[in-house]
1. Among the numbered criteria (1) out of contact with any Ser or Thr (no Cβ under 6 Å at 6 or more places or on another chain); (2) without any contact (Cβ under 8 Å) to a residue 60 or more places away in the chain; (3) of a type in the set (S, T, N, Q), which single criterion is violated by Thr225?
2. Between a first residue in region 30-59 that is free of Cβ contacts under 8 Å to residues at least 24 places away in the same chain and in the same structural domain as Ile18 (by TED's automatic domain parsing) and a second residue that is surrounded by fewer than 17 Cβ atoms within 10 Å (Cβ to Cβ) and not hydrophobic (A, V, I, L, M, F, W, C), which pairs have beta carbons less than 6 Å apart while being 6 or more apart in sequence or on different chains?
3. Which pairs do you get when a residue that is closer than 19 Å to Ser47 by Cα, found in region 136-155, comes within reach of a residue that is among the charged types (D, E, K, R), reach meaning Cβ atoms under 6 angstrom, with the pair 6+ apart or on two chains?
4. Mind checking which residues of region 115-149 are crowded, with 19+ Cβ neighbours inside 10 Å and either among the β-branched types (Val, Ile, Thr) or assigned to a strand (DSSP E or B) (or both)?
5. I'd like to verify a number: residues in region 12-31 that are more than 25 Å from the chain's Cα centre (by Cα) and crowded, with 16+ Cβ neighbours inside 10 Å, how many?
6. Tell me yes or no: at least one residue of region 193-202 is under 28 Å from Asn269 (Cβ atoms), surrounded by 19 or more Cβ atoms within 10 Å (Cβ to Cβ) and more than 11 Å from the chain's Cα centre (by Cα).
7. Within the bounds of region 288-298, is there any residue that is β-branched (Val, Ile, Thr), in a helix (DSSP H, G or I) and not assigned by TED's automatic domain parsing to the domain that holds Gln123?
8. Could you check region 83-94 and list, in sequence order, the residues that are surrounded by 21 or more Cβ atoms within 10 Å (Cβ to Cβ) and not aliphatic (A, V, I, L, M)?
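The values are calculated or read from the model by the stated rules, or taken from the named source; none is laboratory data. This structure is a prediction, so every number in the text was calculated from the model and none was measured. Cβ atoms come from the backbone with ideal geometry, glycine included; neighbour counts cover every protein chain shown.
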Amino acid sequence: MAYLTDYGQTIAAVTAGIADIIAGTTAPAEVTARMPVTARAGQSGASVNLFLYEDAPTRYRVGGEPASPGSVIGTELRYLVTAYPAHKTDPDASSQVLYGASRGAVENNPVMSVTLPSGMVRQVRLSTTSLGIVEHTALWIASDAPMRLSFVIIATVDLSTVGVRAATASIADLTAVAGPGVIAVLSGADAAAKPAAAAAIATTLGRPLLDVDLGQVVSKYIGETEHNLAGLFERADRGGAILFFDEADAVFGRRSEVRDAHDRYADANPARILDLLRRAPGPVLVSVTVAGEALLARQAIDVPFPPG
């Protein structure tokens with residue numbers, strides 16, 4: 001279970017990432033990560049405190065076998081988020097303002113990525129929920145601190161390693177260049193890593209991934225292809241999706257000079273199709289072993305798998 005050796009670093013990075021998100025909307029109030037009983041130590045102004053009170057690793061099973069110690073593929077972290085006023089009587093309702101600003105900040109940032117010292121990138125999904133009176137009371141009794149205005153952040157962390165290390169560069173670069181009609185290439189012989197990278201990119205951008213079947217889109221008649229793409233763009237635009245063409249060598253990969261008579265895409269015009277893809281409402285990911293000339297001329301970025 002080598003991927004759990006940085007589990008503590010992952011938790012620390014997630015905590016720091018959440019604190020940064022909240023601090024961006026609650027300044028000048030300080031954001032701390034302490035036990036509730038010491039949350040106000042040294043504080044004179046209003047503040048927000050994060051308290052990690054539960055982590056729940058997710059394991060997979062093979063058939064009916066019990067989950068093994070090395071089968072952890074994710075974890076769910078639960079944070080108690082508490083808003084504290086500058087004065088105990090809270091005359092200006094500052095704790096309510098901080099509560100709303102903190103919760104709104106997290107709701108507006110449902111996906112984040114954190115980078116560990118090793119260079120590993122972890123994908124995290126964030127959501128909030130309210131505490132029931134029983135759970136709220138139990139937490140404060142256990143922490144020996146008075147009850148305050150609080151809510152819970154649930155951070156779901158992906159701990160799987162398939163394709164993540166290879167996708168690190170693509171996640172960072174694609175996040176920077178992602179936009180309508182941007183064509184990004186995932187190239188190389190690692191067929192398993194490229195779909196995993198595409199999924200990680202979509203997670204980072206907070207958008208769904210729409211897998212595209214070339215056979216349902218590309219026709220030997222360019223007019224029909226254009227019609228099919230128009231329908232595909234409408235679907236992607238409606239759902240805010242990223243288009244992913246997996247194993248697209250038949251159309252966009254390097255092709256030999258000798259064409260097979262049974263090649264269904266022999267008459268396809270890759271350059272024209274790629275020009276049409278530039279009209280897509282969001283980023284376009286194309287997975288090939290080796291990019292063809294038309295793709296090389298129109299790509300915004302090429303990330304190799306395995307990395308070179």
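1. Single failed check for Thr225: (1).
2. Ala56/Glu76; Arg59/Ser71
3. Final answer for the pair search is Phe151/Arg103; Val152/Arg78.
4. The initial filter retains those residues of region 115-149 that are crowded, with 19+ Cβ neighbours inside 10 Å, namely 121-124, 126, 139-140, 148.
Answer for region 115-149, where residues must be crowded, with 19+ Cβ neighbours inside 10 Å and either among the β-branched types (Val, Ile, Thr) or assigned to a strand (DSSP E or B) (or both): Val121, Arg122, Gln123, Val124, Leu126.
5. Quick first cut of region 12-31, residues more than 25 Å from the chain's Cα centre (by Cα) only: 27-30.
Add one more test, that the residue is crowded, with 16+ Cβ neighbours inside 10 Å, and what stays is 29-30.
Looking only at that region, the number is 2.
6. Scanning region 193-202, I find at least one residue that is under 28 Å from Asn269 (Cβ atoms), surrounded by 19 or more Cβ atoms within 10 Å (Cβ to Cβ) and more than 11 Å from the chain's Cα centre (by Cα), so the answer is yes.
7. In the first step, residues of region 288-298 are kept if they are β-branched (Val, Ile, Thr); the result is 288-290.
Applying the additional criterion that residues be in a helix (DSSP H, G or I) yields none.
No, there is no match, as no residue in region 288-298 is β-branched (Val, Ile, Thr), in a helix (DSSP H, G or I) and not assigned by TED's automatic domain parsing to the domain that holds Gln123.
8. Narrowing region 83-94 to residues surrounded by 21 or more Cβ atoms within 10 Å (Cβ to Cβ): 83-85.
Of everything in region 83-94, those that are surrounded by 21 or more Cβ atoms within 10 Å (Cβ to Cβ) and not aliphatic (A, V, I, L, M) turn out to be Tyr84, Pro85.
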